[in-house]
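Below: the structure, in structure tokens.
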């Protein structure tokens with residue numbers, strides 16, 4: 001568990017770098033489907049590995065939606 005000073009230091013560093021922190025609720029079913037589609041770490045018990053897998057998934061979905069990348073449609077749900 002981080003101390004108050006460590007949390008404050010982290011907050012200041014994120015502000016300095018212009019980063020934002022947010023929470024994304026993801027169910028166990030979502031994580032299983034992500035793992036099935038190649039996002040290793042999604043089923044890990046380590047929250048950092050799960051966060052990296054989710055981060056990669058989000059980055060991939062955003063990249064797929066950029067104009068000019070040849071992608072015509074992107075799935076928005078796991079079903």
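A Cα-only calculation for the range 1-68 places Rg and Dmax at 14.9, 46 Å.
Based on the Cβ-Cβ distance of residue 28 and residue 52, what FRET efficiency does E = 1/(1 + (r/R0)^6) give at R0 = 22 Å, to the nearest 0.05? Between residue 28 and residue 52 the formula returns 0.80.
FYI, it's all coordinate maths here, none of it is from the lab. Note that the structure is predicted; figures quoted are calculated from it, not measured. Every residue, glycine among them, receives a Cβ derived from its backbone with ideal geometry; neighbour counts consider all protein chains shown.
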